[in-house]
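Below: the structure, in C-alpha coordinates.
The values are calculated or read from the model by the stated rules, or taken from the named source; none is laboratory data. Keep in mind that what you see is a predicted model, and the values were worked out from it rather than measured. Please note: Cβ atoms are built from the backbone with ideal geometry, for glycine as well, and neighbour counts cover all protein chains shown. Only protein heavy atoms, including side chains, enter the accessible area calculation; ligands, DNA and RNA are left aside. Shrake-Rupley method; radii C 1.70, N 1.55, O 1.52, S 1.80 Å.
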Amino acid sequence: MTIKERVSGIVEGLKKDYPEALCSLEYKEPYELLFATRLSAQCTDARVNIVTRELFSRFRTLSEIANCDIAELEEIVHPCGVFRMKARDIRACANMLIEKFDGRVPDTMEELLSLPGVG
(Lines give C-alpha, C1' and ligand atoms only; values in the text may rest on other atoms or scores of the structure.)
Protein backbone atom coordinates (compact mmCIF):
# COMPACT_ATOMS: atom_id res chain seq x y z
CA MET A 1 0.00 0.00 0.00
CA THR A 2 1.38 3.40 -0.99
CA ILE A 3 1.55 6.37 1.34
CA LYS A 4 -1.12 8.10 -0.74
CA GLU A 5 -3.45 5.12 -0.34
CA ARG A 6 -2.81 4.99 3.41
CA VAL A 7 -3.48 8.69 3.82
CA SER A 8 -6.64 8.41 1.74
CA GLY A 9 -7.86 5.61 4.03
CA ILE A 10 -7.10 7.68 7.12
CA VAL A 11 -8.97 10.68 5.71
CA GLU A 12 -11.98 8.53 4.87
CA GLY A 13 -11.94 7.04 8.39
CA LEU A 14 -11.87 10.51 9.94
CA LYS A 15 -14.76 11.64 7.73
CA LYS A 16 -16.75 8.59 8.85
CA ASP A 17 -15.98 9.09 12.56
CA TYR A 18 -16.35 12.89 12.50
CA PRO A 19 -18.81 13.70 9.69
CA GLU A 20 -19.61 17.21 10.93
CA ALA A 21 -16.11 18.29 11.91
CA LEU A 22 -15.27 21.83 10.91
CA CYS A 23 -12.20 24.01 11.26
CA SER A 24 -12.98 26.75 13.76
CA LEU A 25 -10.21 29.02 12.48
CA GLU A 26 -11.45 31.73 10.11
CA TYR A 27 -9.54 32.28 6.87
CA LYS A 28 -9.94 33.11 3.20
CA GLU A 29 -6.53 32.24 1.78
CA PRO A 30 -4.43 29.12 2.45
CA TYR A 31 -1.61 31.21 3.93
CA GLU A 32 -4.11 32.75 6.37
CA LEU A 33 -4.93 29.28 7.70
CA LEU A 34 -1.23 28.52 7.97
CA PHE A 35 -0.59 31.68 10.01
CA ALA A 36 -3.73 31.18 12.12
CA THR A 37 -2.52 27.68 12.94
CA ARG A 38 0.84 29.10 14.00
CA LEU A 39 -0.91 31.60 16.25
CA SER A 40 -3.08 28.88 17.80
CA ALA A 41 -0.16 27.32 19.70
CA GLN A 42 -0.93 27.88 23.40
CA CYS A 43 -3.94 30.02 22.47
CA THR A 44 -7.65 29.48 21.88
CA ASP A 45 -9.10 29.45 18.38
CA ALA A 46 -11.55 32.17 19.47
CA ARG A 47 -8.65 34.47 20.40
CA VAL A 48 -6.81 33.61 17.17
CA ASN A 49 -9.88 34.58 15.13
CA ILE A 50 -9.99 37.97 16.85
CA VAL A 51 -6.29 38.55 16.20
CA THR A 52 -6.35 37.35 12.58
CA ARG A 53 -9.25 39.67 11.76
CA GLU A 54 -7.00 42.59 12.69
CA LEU A 55 -3.89 41.03 11.14
CA PHE A 56 -5.48 40.36 7.75
CA SER A 57 -7.30 43.68 7.64
CA ARG A 58 -4.08 45.60 8.35
CA PHE A 59 -1.93 43.46 6.02
CA ARG A 60 -4.10 42.46 3.08
CA THR A 61 -1.54 40.49 1.07
CA LEU A 62 1.21 37.99 1.68
CA SER A 63 3.69 40.57 0.40
CA GLU A 64 2.50 43.13 2.95
CA ILE A 65 3.06 40.61 5.75
CA ALA A 66 6.49 39.72 4.40
CA ASN A 67 7.52 43.37 4.38
CA CYS A 68 5.78 44.62 7.52
CA ASP A 69 7.44 46.25 10.49
CA ILE A 70 8.15 43.46 12.98
CA ALA A 71 7.18 45.65 15.96
CA GLU A 72 3.78 46.30 14.41
CA LEU A 73 3.28 42.58 13.76
CA GLU A 74 4.32 41.77 17.33
CA GLU A 75 1.77 44.27 18.64
CA ILE A 76 -1.01 42.62 16.64
CA VAL A 77 -0.19 39.03 17.64
CA HIS A 78 0.65 39.88 21.27
CA PRO A 79 -2.73 38.60 22.62
CA CYS A 80 -1.87 35.10 21.35
CA GLY A 81 1.17 34.79 23.61
CA VAL A 82 4.78 34.03 22.65
CA PHE A 83 4.28 36.99 20.33
CA ARG A 84 7.88 37.75 19.39
CA MET A 85 8.53 34.23 18.14
CA LYS A 86 5.15 33.98 16.40
CA ALA A 87 5.59 37.35 14.68
CA ARG A 88 9.11 36.43 13.57
CA ASP A 89 7.92 33.06 12.22
CA ILE A 90 4.95 34.54 10.38
CA ARG A 91 7.01 37.22 8.65
CA ALA A 92 9.80 34.77 7.78
CA CYS A 93 7.26 32.25 6.54
CA ALA A 94 5.59 34.89 4.34
CA ASN A 95 8.98 35.71 2.82
CA MET A 96 9.75 32.06 2.20
CA LEU A 97 6.33 31.43 0.63
CA ILE A 98 7.01 34.27 -1.79
CA GLU A 99 10.65 33.46 -2.54
CA LYS A 100 10.58 29.66 -2.63
CA PHE A 101 6.96 28.71 -3.36
CA ASP A 102 5.71 31.51 -5.64
CA GLY A 103 3.31 32.74 -2.97
CA ARG A 104 1.48 29.44 -2.50
CA VAL A 105 1.34 27.19 0.53
CA PRO A 106 3.14 23.96 -0.41
CA ASP A 107 1.19 20.72 -0.40
CA THR A 108 3.82 18.22 0.66
CA MET A 109 4.79 17.51 4.25
CA GLU A 110 8.47 17.93 3.45
CA GLU A 111 7.94 21.40 1.98
CA LEU A 112 5.54 22.46 4.75
CA LEU A 113 8.06 21.42 7.41
CA SER A 114 10.70 23.62 5.75
CA LEU A 115 8.65 26.72 6.65
CA PRO A 116 9.50 28.75 9.76
CA GLY A 117 7.15 27.95 12.65
CA VAL A 118 5.75 24.77 11.10
CA GLY A 119 6.43 21.50 12.76
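Just the residues that are modelled with pLDDT of 95 or more, hydrophobic (A, V, I, L, M, F, W, C) and under 12 Å from the mean Cα position of the chain (by Cα), please, taken from segment 26-53. Matches in segment 26-53: Leu33, Leu34, Phe35, Ala36, Leu39, Val48. Figure legend. Inter-residue proximity from segment 63-81: first residues under 17 Å from Phe101 (Cα atoms), second residues open to solvent by 50 Å² or more (accessible area, probe 1.4 Å) and part of a helix (DSSP H, G or I), beta-carbon distance below 8 Å, spacing 6+ or different chains. Indicated pairs: Ser63/Ile98; Ile65/Arg91; Ala66/Arg91; Ala66/Ile98. Checked against (1) out of contact with any helix residue (DSSP H, G or I) (no Cβ under 7 Å at 6 or more places or on another chain); (2) open to solvent by 50 Å² or more (accessible area, probe 1.4 Å), Tyr27 passes all but a single condition, namely (1).
Just so you know, in segment 35-53 the residues that are closer than 23 Å to Leu113 by Cβ and not hydrophobic (A, V, I, L, M, F, W, C) include one that is most open to solvent (accessible area, probe 1.4 Å), and it is Gln42. Checked against (1) aliphatic (A, V, I, L, M); (2) part of a loop (DSSP other than H, G, I, E, B); (3) modelled with pLDDT of 95 or more, Leu22 passes all but condition (3). Checking the stated criteria, Leu39 turns out not to satisfy the condition of being among the hydrophobic types (A, V, I, L, M, F, W, C) and over 22 Å from Pro79 (Cα atoms).
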